[in-house]
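Undergrad: Dropping a structure here in structure tokens format, bear with me for questions.
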Amino acid sequence: MYRVMRDHHLLLYRHGQRPVSQRRHDGKVAVDKSNTRWCSDGFELSCDNGERVRVAFALDCCDREVMSWVATTKGIDANLVGDLMMQAVEYRFGDNGPPSEIEWLSDNGSCYTAAEARYFARLLGLKPVTTPVSSPQSNGMAESLVKTIKRDYANLALRPDAQTVMQQLGSWFEHYNTKHPHSALNYLPPRRFREKQALA
């Protein structure tokens, strides 16, 4: 039995012997022009009463602006991701849609890889792209935003229940977009960076 399991790679690794993954994402997530690549990710916030708020957002990989976000006390599913994508497209382009295809970078969560989410992305002019499995650094820009929101906003806010948290999310993202300096943007907040970019 041991030999059969060993030959079919069904044994657990002994402590300290798990092979280290050599897979690295060397691609550059940041781009030089807005509306070229957008990324998305999600995070969870716990409340004092035990409720949990799950949030997903869309972020431009050039100017770092949070273009749209969705929140729920349930799970993030393909329908919510569809709402997220549509809000981002409408925010940036109104009813016209993007003039050229935009990459939509996400992890391999089921809400992003679902057939209906990918189909809807293409209808909106987005090209779904996923990061390598077990490589969260491949979407490092989104991961960085999650850390910022948790550290600078959520951890300093009152979170008695889900309703209170969801009421505050809009002001958190608005402050991030308009006031929060970013080292990669010459210490400008995302929206101010976009304004300067438009004048250049």
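A short reminder: the numbers here are calculations on the coordinates, not readings from a lab. These numbers were taken from a predicted model, which means no experiment stands behind them. Neighbour counts are summed over all protein chains in view; Cβ atoms, including those assigned to glycine, are modelled from backbone coordinates with ideal geometry.
Undergrad: Return a single number: how many Lys pairs in the chain, at a sequence separation of 8 or more or on separate chains, have alpha-carbon atoms below 19 angstrom apart.
TA: Total qualifying Lys-Lys pairs in the chain comes to 6.
Undergrad: Could you run the Karplus curve 6.51 cos²θ - 1.76 cosθ + 1.60 with θ = phi - 60° over the range 58-65 and give me ³J(HN,Hα) per residue in whole Hz, x for Gly and Pro?
TA: 10, 10, 7, 7, 9, 8, 6, 6
Undergrad: Order of ILE102, ILE76 from fewest to most other C-beta atoms within 10 Å?
TA: Final ranking by Cβ density, sparse to dense: ILE76, ILE102.
Undergrad: Show me the helices of the chain, taken as full DSSP H stretches, that run 15 Å or more along their long axis by Cα and average -0.5 or above in Kyte-Doolittle hydropathy.
TA: Long hydrophobic helices here: 78-93, 140-152.
Undergrad: Which entry is the computed P(r) over Cα pairs in 5 Å bins from 0, in percent for this structure: (1) 1, 6, 11, 13, 14, 13, 11, 9, 8, 6, 4, 2, 1, 1, 0, 0; (2) 1, 7, 14, 17, 17, 15, 11, 7, 5, 3, 2, 1, 0, 0, 0; (3) 1, 8, 16, 21, 22, 18, 11, 4, 1, 0, 0?
TA: Given (1) 1, 6, 11, 13, 14, 13, 11, 9, 8, 6, 4, 2, 1, 1, 0, 0; (2) 1, 7, 14, 17, 17, 15, 11, 7, 5, 3, 2, 1, 0, 0, 0; (3) 1, 8, 16, 21, 22, 18, 11, 4, 1, 0, 0, the calculated one carries the label (2).
Undergrad: Quick one: compute the contact order of the chain, relative version, from alpha carbon pairs under 8 angstrom and 6+ residues apart, as a percent.
TA: Result for the chain is 20 percent.
Undergrad: Rounded to the nearest 0.05, what FRET efficiency do ASN96 and ARG52 have when you use their Cβ-Cβ distance and R0 = 22 Å?
TA: 0.05
Undergrad: A further question on this structure: Per DSSP H run of n ≥ 4, the term is -39500 (n - 2.57); total these for the chain, divide by its residue number, and report the mean residue ellipticity at 222 nm rounded to 500 deg cm²/dmol.
TA: Counting only the DSSP helices, I get -11500 deg cm²/dmol.
Undergrad: If you keep only loop residues by DSSP, which trypsin sites (Lys or Arg not before Pro) in the range 100-188 have at most 14 other Cβ atoms within 10 Å of their Cβ?
TA: Numbers: sites: ARG118, ARG122, LYS147, LYS150, ARG151, LYS179; in loops: LYS179.
Answer in residue order: LYS179.
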